[in-house]
Amino acid sequence: MRELDEYDRAILRTLQRRGRISHVDLAEEIGLSKTPTQRRVRMLEGAGLISHYVAVLDPAALGLHFCAWVMIRLGKHRAETVADFLAAVDRNAMITECCLVTGSADYMIKVHARDIADYRDFMMSDLVKLPGVTEVTTHVVLEEPKKTTSLPLPR
């Protein structure tokens, strides 16, 4: 793919904030006409810079008032154990993110629950029973002063 120019970056910045903006409004915002703007959006999608469009939901509005980052340590790192663990994580809707990390844990997952009791039930019935899990350390989110889905764009 070619290097991003200022119009491409403007399109990406805008779409990260307002994914449902019309092509007409997007063109007006970035200072191009509709046709070249549409062409650029298609090119950015085709190049994989825009992977998909989603609605970002408000957890509190859904009654999910508890959030935690959970550090997971696996006892064995065999390919089968890791694959089983990741498949179980993928099937569980309460786990919204999963990252392989360095340090004392193997994976870090983000969990949303209704409240602490709901999380406790999830931890006891699901989390500690995930394939290969030997240690769980919970870090409760008290506040999210910054939360964004936007990525920094190269200059």
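Helix 116-125 against the longest principal axis of the chain: what's the angle in degrees, Cα atoms only, rounded to the nearest 10?
Rounded to the nearest ten degrees, it is 70.
By a straight-distance test (C-alpha under 18 Å), which lysines pair with Lys110 as possible cross-link partners, with residues fewer than eight away in the same chain excluded?
Lys110 reaches Lys129, Lys146, Lys147.
Loop only by DSSP, 16 or fewer other Cβ within 10 Å of the Cβ. Give me the trypsin sites (Lys or Arg not before Pro) in segment 47-154 that pass, ordered by residue number.
Passing both the DSSP loop test and the Cβ count: Lys76, Arg78, Arg114, Lys146, Lys147.
Among Gly132, Val89, Tyr119, flag the residue with its Cα farthest along the positive direction of the charge dipole of the chain, charges on Cβ as +1 for Lys/Arg and -1 for Asp/Glu.
Positive-most Cα among the choices belongs to Val89.
Using Cα pairs under 8 angstrom and six or more residues apart, how large is the relative contact order of segment 11-155, in percent?
Relative contact order of segment 11-155: 28 percent.
Of Tyr53, Tyr107, Tyr119, which is the most mobile in a GNM of the chain whose springs link Cα atoms less than 10 angstrom apart?
Result: Tyr53 has the largest fluctuation of those listed.
So I have [x] 18.4; [y] 17.6; [z] 16.3, and one of them is Kirkwood radius over Cα pairs in Å calculated from this model. Which one is it?
The value matching this structure is [x].
Magnitude of the Cβ-charge dipole of segment 1-97, K/R +1 and D/E -1, about the Cα centre, nearest 20 debye?
Around 120 debye, computed over segment 1-97.
Could you work out the helix-only [θ] at 222 nm for the chain, with each DSSP H run of four or more residues adding -39,500 (n - 2.57) and the total divided by the number of residues, to the nearest 500 deg cm²/dmol?
-11000 deg cm²/dmol
Mind sorting Thr102, Thr134 by how few other Cβ atoms lie within 10 Å of their own Cβ, fewest first?
Ordered from fewest to most neighbouring Cβ atoms within 10 Å, Thr102, Thr134 come out as Thr102, Thr134.
Can you give the relative contact order of segment 6-46 as a percent, counting alpha carbon pairs under 8 Å and 6+ residues apart?
Normalised by residue count, the contact order of segment 6-46 is 37 percent.
What aspartates and glutamates does Lys34 reach when the alpha-carbon gap must be under 20 Å and sequence neighbours fewer than 8 apart in one chain are set aside?
Asp5, Glu6, Asp8, Asp25, Glu45
Based on other C-beta atoms within 10 Å, arrange Cys67, Cys99 from fewest to most.
Starting with the residue having the fewest Cβ neighbours, the order is Cys99, Cys67.
Where the only charges are on Cβ atoms (+1 Lys, Arg; -1 Asp, Glu), what is the dipole of segment 27-155 about its Cα centre, to the nearest 20 debye?
Dipole size: approximately 480 debye.
Any idea what the relative contact order of segment 60-140 is, in percent, if you count C-alpha pairs under 8 Å spaced at least 6 apart?
Once normalised by length, the contact order is 50 percent.
Every number in this text was worked out from the coordinates using simple rules, so none of it is lab data. Fair warning: this is a prediction, and the values are worked out from it, not measured in the lab. Glycine also receives a Cβ, built like all others from the backbone with ideal geometry; neighbour counts cover every protein chain displayed.
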